[in-house]
Structure formats: structure tokens, C-alpha cells
Amino acid sequence: MSVLKITGGRSLSGSLRVQGAKNSALPLLAASVMTEGLSVFRNCPHLTDVEATVAILRHVGCRVYEEGDALYVDASGPISPEVPDALMRRMRSSVIFLGALLGRCGEAVLSLPGGCELGPRPVDLHLLALRTLGAEVEVSGGRLCCRAAGLKGGHIVLPSVSVGATENAVLAAVRATGSTVITGAAREPEIADLQEYLRACGALVTGAGSGVIRVQGVKKLRGAEKRVMPDRIAAATYLAACASAGGRVRLYDVCPAHMVPVLQALERMGCGVTAGENLIALERRGALRSPGPIITRPYPGFPTDAQPPLMAASLKADGVTVMIETIFESRYRHVPALRGMGADIRAAGKTAVIRGVDALHGTEVLASDLRGGAALAVAALSAEGETVIRGMEHVDRGYEDMAGALSALGAEAVLEHEGDADDG
Ligand code: EPU
């Protein structure tokens with residue numbers, strides 16, 4: 001089990017290069033299985049979720065290797081359509097292999113991702129998209145079997161916004177015959193990043209980033225080179241860390257245009273935020289005030305993944321902060337641990353009400369999930385004394401060396417390994 005120990009009270013200063021985006025790298029890697037060639041991914045973050053994706057790629061027949069800062073995926077050999085349960089369970093987003101394997105092999109056999117720490121995670125929208133293109137889907141004993149003798153383009157209407165279902169729809173449509181229109185598509189920048197890679201591979205996709213995506217199917221895709229976009233949630237987390245601790249940080253290799261609602265919330269809290277082409281500087285000298293109500297929404301709204309770190313930064317802000325979580329059912333699991341540190345938070349259903357307190361105190365806490373764990377680290381930076389955060393395996397899924405990043409910014413943060421981790 002890895003444990004992060006943070007001694008609060010030091011303000012942050014310095015520069016940090018922000019990692020490549022987890023939520024772009026995972027679909028990009030899955031998409032590479034559809035090409036019959038070699039793809040090169042640069043700026044791919046070193047995360048356990050990426051390792052889990054690489055394990056799936058290797059299992060289905062890709063050759064994957066690292067050289068310098070690049071990850072190579074060679075999908076030119078035969079590809080198996082089956083992913084065993086043990087590999088699927090390592091990561092919820094492995095469901096993205098559904099569209100990719102179906103597109104490549106005409107078949108995909110994998111287990112259902114099931115629920116996770118954020119609440120139920122249905123796949124009905126993913127299946128609706130694939131069925132619209134002619135796939136037959138059978139679900140039995142937790143295994144999902146999708147087959148299509150030949151996928152045919154169609155009009156996919158997504159009744160509610162889903163990032164993963166949009167990605168699966170795009171992947172399957174790329175290899176379908178004829179044209180596909182996806183309406184109700186998620187507009188997240190990670191989908192535009194996926195489109196950029198697919199186009200470099202020879203796919204005919206337009207409209208990613210808007211609610212309507214158009215795809216003209218092609219017979220074959222070649223491998224391509226792609227630089228993974230910057231991680232807007234990691235960037236939001238380190239900005240929230242500086243808001244919490246005080247001081248001044250500069251983040252580079254970021255895309256401020258992807259982060260507008262987060263930057264606006266930090267400004268409303270009293271932070272000075274300056275954005276350049278690939279950088280963001282944040283300064284916090286005085287006391288923080290409440291950012292006002294924060295309602296999570298699909299992009300371009302306030303991202304659900306940034307809600308926990310921002311909540312942690314508002315614990316000592318003057319006034320009352322109301323947060324309304326509209327994307328996931330269980331996204332307040334970090335609240336009891338924050339309360340244990342002295343925070344005044346009432347959470348019920350979709351709403352959390354935070355009243356600013358004068359002080360937080362370090363204690364032992366357990367990370368409940370990836371972003372909830374990050375929130376504990378953000379809170380710990382402004383707590384008195386030492387906070388011991390257990391369960392950092394959750395955080396390692398999405399943050400590249402968080403202890404190193406915080407230390408580089410002047411925080412007193414040390415990662416320790418206790419006993420042997422055996423949670424697979
Ligand atoms: N949903 C359905 N049916 C479906 C699919 C989704 O009802 O078939 C619901 C979900 O239960 C949820 C909502 O739709 O209530 C949105 O889910 P979405 O499908 O958009 O989420 P996702 O694709 O599973 C990605 C990110 C998440 C991020 C969400 C929302 C990846 C790998 N994951 O998940 O990232 O929170 O979009 O922006 O891209 C994280 O990084 O911490 C994380 C959880």
C-alpha cells in the first residue's frame with residue numbers, strides 16, 4: 001500500500017510541467033488496435049491505468065514498447081477480439097476496447113465493467129451506438145459479446161452525454177461501411193484528440209468537439225504518431241493545490257482554453273490567474289473566498305473530475321460554497337475524510353455545502369477514489385501538522401508521481417510504501 005505524507009503550512013512556488021492526459025491516452029491506446037501498423041504516442045503519462053491498457057493491448061496481440069518518452073504500439077499482427085475478465089477489471093475505461101475490437105475484428109468479447117467507486121456505471125449508451133451500426137450484442141454471465149458481420153453506417157442519437165459512448169461510437173463508425181452521424185455527442189477535448197489521431201491514421205472523421213460528429217467509414221487504418229494532449233484535470237488539481245497552500249506556481253504544457261470554468265472559479269476565490277499559450281500562472285497571497293455555487297456539467301461546463309480538488313481548496317475560504325454534482329451518483333466519498341481533517345461539509349444526494357473553517361488539522365485518511373484522493377492531498381497542504389493519506393494506489397491511476405510534483409513546488413510531501421501491495 002502506498003502512503004503519501006504531507007506536512008501542511010508551506011506555501012508553493014515554482015514551475016511544473018503537466019503530464020499528458022489520462023483520459024485521452026486511454027482511448028488513443030485502445031484506438032491503436034484498429035490500425036494495421038505502428039503508432040507512436042508521445043507525452044503518454046506513466047500511470048497504472050496506462051499499464052492496464054498496455055496489458056490489454058499485449059493480450060490481444062499488439063507489440064508494445066517504450067523508447068525514450070515515446071510509447072510504441074505495433075498492431076500489424078493478428079488481433080484477438082477477446083479480453084479476459086481479470087484484465088477488464090483493472091480499469092473501468094477498458095470498455096473503450098468494445099468499439100475498437102469490433103471495428104478491427106468484427107467481434108469483441110469482454111466482461112462488463114460493472115459499478116465502481118463513483119456509483120453505477122451503465123453501458124447502455126455504448127451498446128445503443130454499436131447496435132445502431134448493426135452489431136449484435138449478447139450479455140450472459142457478465143460477459144459481453146458484440147458481433148457484426150459488417151458494421152454499417154447509421155444515425156446514432158445519444159439521449160444523454162457520455163464521453164465513453166461517444167468514443168466507442170466514433171471507433172466503430174470509422175470501420176463501418178458508409179457514413180455515420182452521431183448526434184448528442186460529448187464535446188470533451190479528449191474526443192477531439194482522438195479524432196486528430198484517427199485522421200492521422202486515415203480515418204474520415206469531422207465535428208469532434210461539437211455535438212455532431214460525422215464519420216465516413218474506411219477499409220483500413222494505418223499507424224500514426226500522436227502527442228497526447230495536456231491533462232486538464234491534473235492541471236486543475238495543482239492549481240487547486242496552490243490555492244489551498246498559498247504562493248505562486250506556473251504550470252506549463254497546459255491548454256488554458258480547456259479549463260475556463262475551473263480558472264474562473266479560482267479567480268472568484270481571489271486567486272490571480274494568468275494564462276499564456278501553453279501556460280497558466282496562479283498566485284494566492286491573501287485569504288480565499290467562496291467561489292460561489294459550482295455545478296458540474298459535461299464539457300464545456302465545470303468538470304466533475306475537478307470538483308473534489310476544488311472542494312478541498314474551498315474548505316478554508318470565507319463564506320459558504322455549494323457544490324452540485326450532476327454527473328456521478330457517488331462523487332462525495334472523500335467528504336468524510338475531509339471532515340475528519342476539520343472541514344465543515346454537509347453532503348446529501350447531489351449537493352454538498354461547505355462552510356469555510358479557520359483551520360484544518362493533519363490526520364490519517366484513506367483515499368476513496370482517484371480524484372477524492374487528490375482532494376485529500378490538496379486539503380493536507382493547508383492543514384496544520386502531518387496528514388497521512390493511505391490508498392494512494394487510487395491516485396496513481398491518474399497522477400504521475402504526485403508526491404514528486406508537489407515536492408517540486410516546495411510542498412513537504414513524501415511517498416512511502418508500506419508492506420507489499422497485493423490488490424492486483
Ligand atoms: N452513462 C450512462 N450510460 C452509459 C454511459 C454513461 O448512463 O452507457 C452515464 C454515467 O453513469 C454517468 C454519465 O453518463 O452518470 C457520464 O458518464 P461518461 O460515459 O461520460 O463517463 P466515462 O466515459 O465513463 C469519462 C472519464 C471520467 C469522467 C467522465 C465525465 C475517461 C477514461 N473517463 O468517463 O474520468 O469523469 O468521462 O467527464 O475518459 C476520472 O478521470 O477521474 C474519471 C472518472
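In region 293-309, the residues that are touching a residue at least 12 places away in the same chain (Cβ under 8 Å) reach residues that are within 9 Å of the ligand (Cβ to nearest atom) and basic (Lys, Arg) with C-beta atoms within less than 6 angstrom, at least six apart or across chains, in these pairs: Asp305/Arg371; Pro308/Arg371. Of the strands (runs of 3 or more DSSP E) lying entirely inside region 291-355, the ones with 1 or more residues being crowded, with 23+ Cβ neighbours inside 10 Å are found at 320-324, 351-355.
Please specify each residue of region 18-61 satisfying the condition of being touching a residue at least 60 places away in the same chain (Cβ under 8 Å) and polar (S, T, N, Q). Across region 18-61, the qualifying residues are Gln19, Asn23, Ser24, Ser32, Thr35, Ser39, Asn43, Thr48.
Is it the case that Val109 is more than 12 Å from the ligand (Cβ to nearest atom), closer than 17 Å to Thr53 by Cα and in a strand (DSSP E or B)?
Yes, satisfied.
Being of a type outside the set (Lys, Arg), surrounded by 24 or more Cβ atoms within 10 Å (Cβ to Cβ) and away from the ligand (no atom under 14 Å from the Cβ) is true for just one of Leu194, Leu133. Which residue is that? The match here is Leu133. Can you tell me which of Ala413, Ala403, Ala374 is part of a strand (DSSP E or B) and open to solvent by less than 60 Å² (accessible area, probe 1.4 Å)? It is Ala413.
Hey, among the residues in region 151-176 that are of a type in the set (Val, Ile, Thr) and open to solvent by less than 10 Å² (accessible area, probe 1.4 Å), which one's nearest to the ligand (Cβ to nearest atom)? Among those residues, the one meeting the criterion is Thr166.
The values are calculated or read from the model by the stated rules, or taken from the named source; none is laboratory data. Since this is a predicted model, take the numbers as computed values, not measurements. Cβ atoms come from the backbone with ideal geometry, glycine included; neighbour counts cover every protein chain shown. Surface areas here come from the heavy atoms of the whole protein model, side chains and all, with no ligands, DNA or RNA. Shrake-Rupley method; radii C 1.70, N 1.55, O 1.52, S 1.80 Å.
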